[in-house]
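Worksheet: one structure, shown below.
Derivation of every value follows stated rules applied to the coordinates shown; laboratory data play no part. Keep in mind the model is a prediction, meaning the values are calculated, not measured. Please note: Cβ atoms are built from the backbone with ideal geometry, for glycine as well, and neighbour counts cover all protein chains shown.
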Amino acid sequence: MRTAILLTALLGARAYAAPDPAALIRSVLPPGFAPVAFGDPVFVPVPVPVMLGLRLDGDAQTVALPSLLDRHLSTTDSFTGAGGVTMLGGTLDRNGDGYLAATPPGGAPRFFKMERGMSGGFSDGVRNYRVGLSVNIFRPRLANFLQVRDAATGQIVWEKRINDLFRLAYRAGEPVNLAGRPYRLFYSQKPTLGLCFIYDDTSAGGHDFKFYMVPLEQIQGAAPTSYKMYGGDVVKLLVTPDLSTLQITR
C-alpha cells in the first residue's frame, strides 16, 4: 500500500480505491514495459527431462557473459563534471522497480530508486551532486525528468526524461535470438543478480517492450531450464559453472 501511495503521488494521478498493480509497476518504465504476468513470477519455468549434458544444435547459441555484466550502467549516458565523466544508466530489479544508476569516475555505481521524494547524492572526487525527480502534473508521467544537480550551486548538470533514459538503456543490451525472435540481453549484478531479456514488439506499429527476468540461480546445474517467452515460445537456458557462458537452445 505504501508503494501505491508513493507512486500515485509521484505521477500526479487521481486517488482511487483499488490501484491496479500492473499500472503501478509500469509507472517508471517506458510504455509497454510490463511483466509477463503480474502477481506471479515473471519467469515461467517449464519442466524438462533431466539431462547429463547439453547438445548445442539447431537454434543453439552461446553468449559470453563477463563482458555483459552491468554493461548498460556504463554505456547508456553520461555527463562531465569537475572530477571527470560520470556514467548514468537505467536499470530494474526483480520486482520491476526502476533505478537511476550513477557511476562516478573511478567509483562504484550508486542506485537511486525512481519514486516520489527521490533523492540522494554522490561525489566525483571534486564536487558533490544531488539526484532528484522533476514532476509536473501537466506532463505525461513518463516524461517527468530525472535530474543531477551540483550540490553547492543547485545547477542542473544532467537531465533526462524517464522514458528516454530507458530507451537508451535498451540499446545497450546484447542482441540475441530466441526462437527466431530478436531480443536484447542484460546481465546485472546490481541491484540484483540475474538476466533480463527484452523483446520489442512492433506488431502494432509502435514499440511495446516486454521483459523477462531470469534469476541466475535457476539456470545453474547439469540440465537446462525451459522458459516461456513472447508468443509462448519456449527456450532452454543453462549457464556454465564458472558463469562465463550462457547456453541457449530450444
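Once the dipole of the range 172-241 is set up with Lys and Arg at +1 and Asp and Glu at -1 on Cβ about the Cα centre, which of Tyr199, Gly231, Met213 lies farthest towards its positive end? So the residue furthest toward the plus end is Met213.
Shape class for the range 181-230: oblate, because the ratio a/c of the largest to smallest gyration tensor axis (alpha-carbon atoms, square roots of eigenvalues) is 1.5 or more and b/c is at least a/b.
Quarter the surface of the alpha carbon convex hull of the range 167-250 and you get the mean projected area, 5.8 square nanometres.
Which value, in debye to the nearest 20, gives the size of the charge dipole of the range 67-167 about its Cα centre, when Lys and Arg are +1 and Asp and Glu are -1 at the Cβ?
Numbers: 13 positive and 9 negative charges, 48 e Å.
Charge dipole of the range 67-167: 240 debye, to the nearest 20.
Take every pair of alpha-carbon atoms less than 8 Å apart whose residues are at least six positions apart; their mean separation over the length of the range 136-250 yields a relative contact order of 13 percent. Proximity of backbone amide H atoms, modeled 1.01 Å from N, is registered between Trp158 and Val148 at under 5 Å, excluding neighbours fewer than 5 places apart on the same chain. Extension gain for Ala222 to Thr153 (0.36 nm times residue separation, less C-alpha to C-alpha distance): 19.2 nm. Could you pull out which residues in the range 167-201 have an amide N less than 19 Å from a spot 7 Å beyond the Cα of Asp93, following the Cα-Cβ vector? The answer is 187-197.
Computed from phi, the 3J(HN,Hα) profile of the range 123-131 under the Karplus parametrisation 6.51, -1.76, 1.60 (θ = phi - 60°) reads 10, 9, x, 10, 10, 9, 10, 10, 9 Hz, with x in place of Gly and Pro.
Working note: Karplus 6.51/-1.76/1.60 with θ = phi - 60° gives the range 188-202 the couplings 10, 9, 10, x, 9, 7, x, 10, 9, 9, 10, 10, 9, 7, 9 Hz, where Gly and Pro are set to x.
Do you know the relative contact order of the range 77-144, to the nearest whole percent, from alpha carbon pairs under 8 angstrom that are 6+ apart? Can you show the working numbers first?
Details: 113 pairs, mean separation 15.1, N = 68.
Answer for the range 77-144 is 22 percent.
Peptides 194-206, 87-99 ranked from most to least packed, by the mean per-residue count of other Cβ atoms within 10 Å: 87-99, 194-206.
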